[in-house]
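Remarks on the structure that follows.
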Amino acid sequence: MAHEELHLNLRNLKLDDYEQLQVLMDRVYDDIGGAWPKDTIKALVEQFPDGQICIEDNGQLVAVALTVSVKYERFSNPHTYDDLILSNEQIRHNPKGDSLYGLDVFIHPEYRGYRLGRRLYEARKELCRSINLRAILAGGRIPGYHKYSEQYSPAEYIDRVDRKDIYDPILSFQLSNDFQVTRLMHKYLPEDEKSLGYATLLEWRNILYTPPSSVLNEKKTQVRMGAVQWQMREFGSVEEVLEQVEYFVDALSDYKSDFALFPEFFNAPLMGLTDQVDQTRAIRFLAGFTQQFRDRMSEMAVSYNINIITGSMPLLENDRVYNVSYLCHRDGRVDEQRKIHITPHERRDWVVEGGNKFEVFDTDSGRVAILICYDIEFPELGRIAAMKEVDIICVPFWTDTKNGYLRVRHCAQARAIENECYVVITGSVGNLPKVENLDVQYAQSSVFSPSDFAFPHDAVMAETTPNTEMIMFSDMDLEKLTLVRNEGSVTNLKDRRIDMYEIITR
């Protein structure tokens, strides 16, 4: 068959196709009984039309996939082919099932070099996703086993096929299409002499499956992130700063943003209200306003219906200073993340100490971690967050020079790629000559994604104009993270050599 003569069409099977289907099944299954009766096919087409898929070439049926809906709990356990067949040769189809069961896939022998089976399997997977079913199950024959039955047990044979030491025309194909062998079944199809009655129980899990629940309780998978690239300016009071904060929160909320992210030490201009000679006193003076900022920004989160990540502020506790960020949920809860790694400047001039606890927080719009500036430059924290199934890493930062900014940017982009998550960075801009250590700022706020086909070609979702006060938005699809972690071009998290190394937290 010359490929230039092909005219393939993927569609749902119709009852009118039965005569062609009968010829095809008789040819493919001449060793185990041939075609199913017309009434059996008629029932499948009428009860579950979407599950019966075929490919025709110039009007001639050349490949077919037959499918029913079943209960996962019943057919993810050992069963036989007869458990699917009723006494009148009707196939057991459960319209309330939560999984697909692959009854059969058969290809015309002259078309077996064109990967039509892969097309049928992809169509089945898309059906499973589109109607939100849990998995695809199948009983898989192992027709090559009779050649090796004296050398290997069925389990050993399956293992060798998995390692590609042996090729099995059915099992090798199933494994190459992301199916996992979950059980070995005996007497699945006793008349299958080539398999000696054995079969594999195969499963493909729908990683996007969402169990039925109340719509109001369902977590969002489409998330809008908003961030503020903040202009440092002189302020005469806390109220002036909070008015500016509320302005941005209001603007982000108007655009239906789920999050508002502020930069590190965005309220530091308030240190200009005290003596600049002693920097340790100045940072403690600033810490005196932190509780007020925390409470007011939490009120804004509730009243504007937006989750606010408060940048970071100094916290004075037991006569020690920490750099802390608050996650103010729009339901009124407040979580806290202290900066873990303290820069030489913070330690030397402000005597800031590092926190000892790192968390990933559940929100109504995904799982969020906060890595404050320098923290993003340590890959261990990003990996710990990934192990806790983080969706979005938020990085409030403050950098004075472009090279300092680029350290944050490049490390943030690396964290997004290696941990298969979104990373958002936002900083402050402008000059503030009257406040010690805050003379100049450099920032270009950005949102980074994993690097794969589902995301922008450069893995940059959004970015601001450098050194300009503005707000930034980015729409994030959390389901794409699930797909890239399981079915991406590369799967960094799955492919870690945990037999050689691991991260241990204390």
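Worth a mention:
- The condition (being in a helix (DSSP H, G or I) and under 22 Å from GLU122 (Cβ atoms)) is satisfied by just one residue among ASP17, ASP26, ASP82, ASP39: ASP17.
- Flag for ASP159 being under 27 Å from ASP30 (Cα atoms), charged (D, E, K, R) and without any contact (Cβ under 8 Å) to a residue 40 or more places away in the chain: no
- Counted residues, the range 42-69 - those being assigned to a loop (DSSP other than H, G, I, E, B), surrounded by fewer than 16 Cβ atoms within 10 Å (Cβ to Cβ) and among the polar types (S, T, N, Q): 1
- Yes/no for SER99 being among the hydroxyl-bearing types (Ser, Thr, Tyr), surrounded by fewer than 19 Cβ atoms within 10 Å (Cβ to Cβ) and under 27 Å from HIS186 (Cβ atoms): no
- Residues satisfying the stated conditions in the range 281-325, i.e. more than 30 Å from the chain's Cα centre (by Cα) and hydroxyl-bearing (Ser, Thr, Tyr): THR290, SER303, TYR322
- Residue list for the range 250-269, restricted to those being buried (at least 23 other Cβ atoms within 10 Å of the Cβ) and among the hydrophobic types (A, V, I, L, M, F, W, C): LEU252, PHE259, ALA260, LEU261, PHE262, PHE265, PHE266, ALA268
- Where a residue in the range 437-448 is free of Cβ contacts under 8 Å to residues at least 60 places away in the same chain and its partner, wherever it lies, is crowded, with 19+ Cβ neighbours inside 10 Å and part of a strand (DSSP E or B), with Cβ under 6 Å and at least six apart: SER446/ILE425; PHE448/VAL423
- The set of residues from the range 221-254 being aliphatic (A, V, I, L, M) and at pLDDT below 95 comprises just one member, MET232.
- Residues of the range 336-366 satisfying the condition of being part of a strand (DSSP E or B) and crowded, with 18+ Cβ neighbours inside 10 Å: GLN337, ARG338, VAL352, PHE361, THR363, GLY366
- Qualifying residue in the range 405-415 (condition: within 29 Å of THR274 (Cβ to Cβ), in the same structural domain as ILE306 (by TED's automatic domain parsing) and part of a loop (DSSP other than H, G, I, E, B)): no
The values are calculated or read from the model by the stated rules, or taken from the named source; none is laboratory data. The shown structure was predicted, so the numbers you read here are calculated from the model rather than taken from an experiment. We place every Cβ from the backbone using ideal geometry, glycine too, and count neighbours over all the protein chains shown.
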